[in-house]
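Data block below; observations after.
The values are calculated or read from the model by the stated rules, or taken from the named source; none is laboratory data. Given the structure is predicted, the values throughout are model-derived calculations rather than measurements. Reconstructed Cβ throughout: ideal geometry from the backbone, glycine too, with neighbour counts over all protein chains shown.
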Amino acid sequence: MNLPFLHLSLNMHPDQISLVMGAFAIFMTLCSALYAYGYGALAKKSQARCFWMGLWSFGVFSFLTVLAADWFSLIIFLELCSISLFLMILAGDVKTAVMYLLTQFAGAGSLLIGVSILIRDSGTIALGPVCPSAFPFFLVGLGLKAALPVMHFWLPRTHSMAPTPASVLLSGFAVKMGVYGLIRLSSESTAPLFLYLGLTMAIYGVIQALLQHDMKRLLAFHTFSQLGFVMSALGSGTEAGIMAALFYSLAHGIFKGLLFCSAGVMEKKYDTRDLGLLGRGIRKDPVTFALFLVGALAITGFPGTSGFLAKSLVKETLKEGHHVLAIQALFLAGIGTALSFSKMAFYGFMKTRPFSGKDMEKEERPREMKYCHAAMLILALGTLALGILPFSLPRSFPMDTRIWLSWGNLLSALSPIAAGILFFTFLPGLFRPLSIDVPDLYWLFSQLERPFNLLSSVLQQYHNGRLPRYLKFLLAAILIIFLLLIRSDQ
Amino acid sequence: MTPVLVILIPLTGAFLLPLLQFLSRKIIVLVVCLAGGLSFLGNIWGACSGWLRPTVHLAGGWPAHIGIALIHDPLSSPFLLLAALGFGSVLICSFDRTEKFSWRFHVLLFLSWAAVNGILSTGDLFNLYVFYEIFSVSAYLLVAFSTMEWQAIEAGFKYLVFGTVGAMFFLFGTTYLFLFTGYLNMARISEALMSEPGLPVFIPAACFFIALSIKTGAFPSHFWLPDAHSSAKSLVSALLSGVLVMVSIYVFIRLFSVVFIVLKPLVFPLMLGTGSLSLLTGHLMALRQDDIKRLLAYSTVAHLGYILIGLGCASAAGFNAAIYHAFNHMAAKMGLFLTAGILASHAGTRKISELSGLGWDLPFVSILFVLFTAVLVGVPPLNGFMSKWYITLACVERNQAIPALLIILGTVISSGYYLRIIRRLFSGKGTQGTSKDRGATWYVVTLMGVLCILLSLLPLFPVFTDTLHILGNWIMDISMYKDLVMIP
């Protein structure tokens with residue numbers, strides 16, 4: 001039997017997707033590092049050490065993940081990435097970090113079973129579509145990484161509780177590695193499944209995001225919703241669809257990183273993430289607002305930003321596949337996105353703050369904040385560059401770039417934004433941040449430990465140290481073994 | 001060098017020590033060191049010679065079907081190596097400043113070393129039984145040794161009761177086979193049973209299965225294990241979990257792949273079931289423990305489950321994976337028990353909830369502790385991950401979905417409970433100040449860490465794959481073993 005171990009594709013030729021993703025990994029890690037440098041020291045020295053160790057190892061391992069040429073080494077590096085992120089999240093909240101790690105271990109386990117089935121059934125573990133018997137395991141494993149519906153339960157909590165530089169990497173690149181896996185997995189036959197999953201994600205994420213009052217949680221749900229756009233691009237099942245998904249992932253990683261960064265700056269300044277308690281940022285901190293605006297426009301798909309091109313690409317691929325309903329659903333999700341970012345801009349930056357008497361504003365540390373702003377500036381420039389310089393993309397890009405600037409396309413991009421903003425200006429009260437936590441699936445999955453606890457407490461009762469009882473169990477077991485062996489004789 | 005010497009050297013050590021006890025302490029220490037070093041070298045030599053050229057020694061020159069054959073073959077050699085590493089490191093630990101030097105302890109240690117080597121060498125069933133008894137008696141005493149706490153004595157007593165039941169079944173099975181076939185030599189019995197399938201084969205098979213699962217501590221008879229492993233001294237716990245338990249795994253492989261080869265399709269699924277249940281029970285019980293050593297003991301039950309699942313696959317890949325996992329478990333679990341011992345003695349308690357802040361006091365030991373837990377949980381490039389992966393692969397190859405899923409579940413549960421300890425270790429502030437006390441245990445623990453790293457690097461070399469290939473072939477194809485024993 002062939003026992004595979006790390007076969008890296010470094011000496012082979014990683015294809016363009018790998019190279020683009022690898023470059024992107026390094027870019028995001030460096031931006032996050034710059035931001036983290038400005039974000040200020042963590043509470044304890046040990047935490048800071050953990051954080052920086054995690055950050056740099058994440059950079060290395062995520063780079064290796066996307067360069068791997070077979071599923072097995074991809075999974076190994078993916079798991080190492082999860083551990084690095086665990087170290088980073090540890091600085092924010094220990095419980096969340098543990099939950100994240102356990103979830104990711106479960107996902108990696110499922111992937112490993114998938115790979116062993118792949119070895120048994122098809123004999124090859126090269127990256128690519130897998131045989132149907134292994135597919136469910138891959139879907140669950142990669143789904144946990146890429147936060148497919150139901151398997152996304154860890155995402156909002158992790159993204160909101162992690163320290164902001166870690167959220168930037170989580171949203172910016174960690175989930176993209178799951179998407180990268182799904183890109184490798186996608187084929188004609190998986191397309192419809194991915195399409196429906198994607199649409200569910202896009203709509204559900206937006207609805208949840210509109211109900212949030214915690215800035216980072218809102219952004220986390222938008223990550224979920226935007227991943228829906230990526231998945232529906234994969235749902236077209238064509239080469240162009242894969243390219244669209246890839247481009248969307250890149251664009252989203254950058255602008256979502258930017259948005260998380262601005263949320264982090266606000267949190268640092270006002271010591272809260274609650275939209276109901278924030279406000280006035282536009283005067284106090286115009287730079288942050290301007291940079292936030294770039295990100296917000298990008299996520300809504302405003303022409304000139306990377307979001308616009310990404311959304312056009314997705315629409316184009318769906319149009320080719322004649323998925324009219326899907327386009328309409330994405331249109332709705334677009335309106336929701338515009339609404340929710342109007343809300344974030346208004347309540348986070350424009351409105352007067354409710355507690356004007358008690359000023360919670362912290363003393364500024366301009367020198368360190370500068371690094372945060374520098375990181376954000378780089379991300380903003382990246383967003384704009386991806387929007388304005390579409391010709392800098394790899395030459396094998398199968399799309400005709402001219403259609404991007406047609407009137408119809410501009411109109412279809414602007415209309416959800418306009419609709420969202422209009423809706424918001426007329427009914428701002430409807431979207432006032434409520435101070436209730438809207439339940440998500442996290443609760444359901446946090447109950448999963450119950451059966452285990454129950455089972456172990458039942459077992460505990462039988463381990464009470466009484467020798468006669470133990471011997472009774474032993475006797476029963478002996479009888480069962482005899483019966484089993486003798487019965488199989490007949 | 002014949003297989004006899006491998007048994008004789010530690011046995012000589014064990015018998016010399018009581019005679020020399022009247023001499024000065026220095027001489028005793030010298031004898032212990034000498035006997036230990038020689039036994040270590042003997043084991044290594046036996047392992048190498050067994051691997052390169054399987055050897056048979058007929059005791060007293062009697063032919064194999066009448067006399068006792070001692071065999072070193074490619075199956076016994078990895079276990080001889082395991083025993084050498086385990087006993088050697090425990091011997092070094094026993095010279096630690098915190099341990100009270102006692103020649104009685106060393107007598108027991110050498111006695112069990114000799115018995116283990118005997119079990120690994122013999123090709124005769126009754127001889128196996130005798131060695132098993134020596135082994136068990138010394139293990140009972142080691143558990144109850146010297147601490148003179150009621151816990152340790154009670155644990156030793158429980159172990160004794162369970163072990164006696166196991167020994168009874170073992171003897172019963174041996175007698176049955178002897179009466180039925182007229183042989184005690186394993187290869188001969190296997191040959192004789194080939195032509196006689198049916199009830200007569202099932203009864204001794206069931207007896208041996210029960211006896212061995214009691215001796216290993218597999219699911220329904222695991223009750224003695226956590227008590228024994230947690231109440232004993234740390235170095236004894238390390239020895240029990242790392243080596244002594246694996247000896248029974250060797251006997252499992254030997255008996256059921258040689259003697260009861262006829263029953264292969266029946267017994268191995270049973271092993272798979274026992275393994276799965278042990279895995280689940282061990283992990284679930286470990287989840288609730290507050291005593292750090294008891295937690296580790298339950299984790300041993302779970303890891304026995306992994307190994308039994310590997311065996312239960314009854315394929316070359318499964319056997320290889322199980323043996324590889326036995327090594328990884330030995331290195332990591334011995335390290336864990338020893339580090340836990342250091343931590344517990346520093347804190348003055350074994351309760352996990354009272355270990356807070358020790359990570360800052362004993363940073364090196366704690367980091368090693370984290371490394372060992374990472375090995376056992378199966379964090380990717382480490383050896384524990386690789387062996388679990390091989391076991392999963394073997395399971396899937398045999399279409400065994402449930403054990404494969406349980407392995408994954410086990411990873412998740414175990415990372416849960418180990419993270420709890422690690423969190424506790426690094427929470428709060430250190431109180432006692434950093435300790436720079438480096439005893440012998442400290443060096444052994446470091447050695448185990450290095451061993452883990454080396455074992456992790458193994459799969460990178462193609463030689464390792466070839467080695468596993470030879471091993472797997474040897475276990476699967478028993479005709480080679482039979483030829484070896486029956487020709488002379």
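Any chance segment A:468-479 includes a residue that's of a type in the set (D, E, K, R) and within 14 Å of chain B (Cβ to nearest Cβ)?
Step one: list which residues in segment A:468-479 are of a type in the set (D, E, K, R), which gives A:469, A:472.
Then drop every residue that is not within 14 Å of chain B (Cβ to nearest Cβ), which leaves A:469, A:472.
Within segment A:468-479, one or more residues are of a type in the set (D, E, K, R) and within 14 Å of chain B (Cβ to nearest Cβ).
Take the conditions (1) among the small types (Gly, Ala, Ser); (2) more than 28 Å from residue B:321 (Cβ to Cβ); (3) surrounded by 24 or more Cβ atoms within 10 Å (Cβ to Cβ); residue A:114 misses just one of them, which is (2). Check whether at least one residue in segment B:102-110 is over 27 Å from residue B:452 (Cα atoms) and of a type in the set (Ser, Thr, Tyr), and report yes or no. Looking through segment B:102-110, at least one residue is over 27 Å from residue B:452 (Cα atoms) and of a type in the set (Ser, Thr, Tyr).
Scan segment B:391-400 residue by residue and report those that are surrounded by fewer than 24 Cβ atoms within 10 Å (Cβ to Cβ) and at the interface with chain A (Cβ under 8 Å from one of its Cβ atoms).
Of everything in segment B:391-400, just one residue is surrounded by fewer than 24 Cβ atoms within 10 Å (Cβ to Cβ) and at the interface with chain A (Cβ under 8 Å from one of its Cβ atoms), namely B:397.
Among the residues making up segment B:109-126, those that are out of contact with any Pro (no Cβ under 7 Å at 6 or more places or on another chain) and crowded, with 21+ Cβ neighbours inside 10 Å are B:109, B:111, B:112, B:115, B:116, B:118, B:119, B:120, B:122, B:123, B:124, B:125. Checking the structure you have, find out if any residue of segment B:174-196 is among the hydrophobic types (A, V, I, L, M, F, W, C), within 11 Å of another protein chain (Cβ to nearest Cβ) and under 25 Å from residue B:122 (Cβ atoms). Looking for residues that are among the hydrophobic types (A, V, I, L, M, F, W, C), within 11 Å of another protein chain (Cβ to nearest Cβ) and under 25 Å from residue B:122 (Cβ atoms), one finds none in segment B:174-196, hence no. The number of residues in segment A:448-467 that are more than 9 Å from chain B (Cβ to nearest Cβ) and either part of a loop (DSSP other than H, G, I, E, B) or among the charged types (D, E, K, R) (or both) comes to 4.
Being crowded, with 24+ Cβ neighbours inside 10 Å, in contact with a Phe, Trp or Tyr (Cβ under 9 Å, 6 or more places away or on another chain) and either in contact (Cβ under 8 Å) with a residue 24 or more places away in the chain or within 30 Å of residue B:263 (Cα to Cα) (or both) is the requirement here; does residue B:314 meet it?
Numbers: crowded, with 24+ Cβ neighbours inside 10 Å: no; in contact with a Phe, Trp or Tyr (Cβ under 9 Å, 6 or more places away or on another chain): yes; either in contact (Cβ under 8 Å) with a residue 24 or more places away in the chain or within 30 Å of residue B:263 (Cα to Cα) (or both): yes.
No: the conditions fail for residue B:314.
Screening residue B:370 on (1) closer than 16 Å to residue B:282 by Cβ; (2) surrounded by fewer than 24 Cβ atoms within 10 Å (Cβ to Cβ) shows it passes everything except condition (1).
Screening the candidates A:63, A:77 for the property of being within 30 Å of residue B:399 (Cα to Cα), outside any loop (DSSP other than H, G, I, E, B) and modelled with pLDDT of 85 or more yields one hit, A:77. Exactly one residue out of B:324, B:306, B:298 is touching a Pro at 6+ places or on another chain (Cβ under 6 Å) and either within 12 Å of another protein chain (Cβ to nearest Cβ) or not polar (S, T, N, Q) (or both), and it is B:298.
Among the residues of segment A:274-281, are any touching a Cys at 6+ places or on another chain (Cβ under 6 Å) and not small (Gly, Ala, Ser)? Write out each step before concluding.
Initial filter on segment A:274-281 (touching a Cys at 6+ places or on another chain (Cβ under 6 Å)): none.
No, segment A:274-281 contains no residue that is touching a Cys at 6+ places or on another chain (Cβ under 6 Å) and not small (Gly, Ala, Ser).
For segment A:152-173: of the residues being hydroxyl-bearing (Ser, Thr, Tyr) and touching a Lys or Arg at 6+ places or on another chain (Cβ under 8 Å), which is nearest to residue A:375 (Cα to Cα)?
The first filter runs over segment A:152-173 and keeps only residues hydroxyl-bearing (Ser, Thr, Tyr), leaving A:158, A:160, A:164, A:167, A:171.
From what's left, touching a Lys or Arg at 6+ places or on another chain (Cβ under 8 Å): A:160, A:164, A:167, A:171.
Working: A:160: 20, A:164: 13, A:167: 14, A:171: 16 Å.
Residue satisfying both the conditions and the ranking: A:164.
Quick grid of which residues meet (1) surrounded by 20 or more Cβ atoms within 10 Å (Cβ to Cβ); (2) within 20 Å of the chain's Cα centre (by Cα); (3) not in a helix (DSSP H, G or I):
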residue	(1), (2), (3)
A:287	no, no, no
A:291	yes, no, no
A:295	yes, yes, no
A:299	yes, yes, no
A:312	yes, no, no
A:315	yes, no, no
A:322	no, no, yes
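Just a yes or no: is a residue in segment A:264-273 without any contact (Cβ under 8 Å) to a residue 60 or more places away in the chain, over 22 Å from residue A:145 (Cβ atoms), of a type outside the set (Val, Ile, Thr) and buried (at least 24 other Cβ atoms within 10 Å of the Cβ)? Looking for residues that are without any contact (Cβ under 8 Å) to a residue 60 or more places away in the chain, over 22 Å from residue A:145 (Cβ atoms), of a type outside the set (Val, Ile, Thr) and buried (at least 24 other Cβ atoms within 10 Å of the Cβ), one finds none in segment A:264-273, hence no. The residues of segment B:40-67 that are among the hydroxyl-bearing types (Ser, Thr, Tyr) and closer than 24 Å to residue B:126 by Cα amount to a single one, B:55. Scanning segment B:74-114 for residues that are of a type in the set (S, T, N, Q) and over 22 Å from residue B:46 (Cα atoms) returns B:94, B:98, B:102. Entry remark, segment A:92-129: residues being assigned to a loop (DSSP other than H, G, I, E, B), in contact (Cβ under 8 Å) with a residue 60 or more places away in the chain and not hydrophobic (A, V, I, L, M, F, W, C) number 3 in total.
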